[in-house]
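Chemist: This structure is in structure tokens; I'll ask about it shortly.
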Amino acid sequence: MGNQGKIQNNQGASAIELVMVLPILLSILFGTIEYGWFFKKKMDLNNAVAEGVRAIVYTEGGGKNNAINAIVEVLMENGDYGAVIAKLNGTLNYTTLQNPDRAKLSINGWQHDSLTGFFPSALLPESISATAVMAFP
């Protein structure tokens with residue numbers, strides 16, 4: 001009869017250990033997922049800005065409209081063209097630089113949405129920025 005009491009106590013201890021360790025394990029898991037999502041979005045935005053500045057430099061009469069079209073093609077999410085255009089308004093800056101002739105394109109304040117919602121906004125960046133500069137041929 002003495003052995004049965006010990007088994008029950010061990011089972012209760014296992015449940016308590018699980019309750020103590022589970023939040024840590026979930027934080028590691030969701031943190032990995034969330035920061036992976038953030039870095040994917042950052043790479044997507046960097047690639048889009050690079051494509052946008054390339055469209056300005058290598059298209060005849062290139063300008064902001066060509067850059068916007070190139071950026072939207074890269075950033076298309078769920079096929080919602082209008083949503084990407086709306087997000088670009090107010091975040092896209094285009095300038096031409098002298099000596100040598102270059103185009104500079106930057107996106108500041110692109111809103112990053114959390115994938116899991118597990119972490120408070122204080123732990124994750126809320127916006128992403130990217131800049132690309134390319135010389136005219």
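Chemist: Can you tell me which of (1) of a type outside the set (D, E); (2) at pLDDT 80 or above; (3) out of contact with any Leu (no Cβ under 8 Å at 6 or more places or on another chain); (4) more than 17 Å from A103 (Cα to Cα) is the one N89 doesn't meet?
Modeler: (2)
Chemist: In the range 85-115, what residues are in a loop (DSSP other than H, G, I, E, B) and open to solvent by 50 Å² or more (accessible area, probe 1.4 Å)?
Modeler: N89, G90, Q98, N99, P100, D101, D113, S114, L115
Chemist: Condition test on F136, is it surrounded by fewer than 17 Cβ atoms within 10 Å (Cβ to Cβ) and either among the acidic types (D, E) or closer than 23 Å to G31 by Cβ (or both)?
Modeler: no
Chemist: Further question on the same structure: Can you find, within the range 18-70, the residue that is most open to solvent (accessible area, probe 1.4 Å) among those that are polar (S, T, N, Q) and within 16 Å of A132 (Cβ to Cβ)?
Modeler: Filtering the range 18-70 for residues that are polar (S, T, N, Q) and within 16 Å of A132 (Cβ to Cβ), the one most open to solvent (accessible area, probe 1.4 Å) comes out as N47.
Chemist: Condition first: modelled with pLDDT of 75 or more and either surrounded by 17 or more Cβ atoms within 10 Å (Cβ to Cβ) or over 17 Å from A130 (Cβ atoms) (or both). Now tell me which residues in the range 75-84 satisfy that.
Modeler: L75, V84
Chemist: Here's something else I'd like to know. Could you list, in sequence order, all residues of the range 116-130 that are part of a loop (DSSP other than H, G, I, E, B), touching a residue at least 12 places away in the same chain (Cβ under 8 Å) and either in contact with a strand residue (DSSP E or B) (Cβ under 7 Å, 6 or more places away or on another chain) or open to solvent by 30 Å² or more (accessible area, probe 1.4 Å) (or both)?
Modeler: Listed by number, the residues that qualify are T116, F118, F119, P125, E126.
The values are calculated or read from the model by the stated rules, or taken from the named source; none is laboratory data. Remember, it's a predicted structure, so these values are computed and weren't measured experimentally. Ideal geometry is used to build each Cβ from the backbone, glycine not excepted, and the neighbour counts take in all protein chains shown. Areas reflect the complete protein model, heavy atoms only, side chains present, ligands, DNA and RNA absent. Shrake-Rupley method; radii C 1.70, N 1.55, O 1.52, S 1.80 Å.
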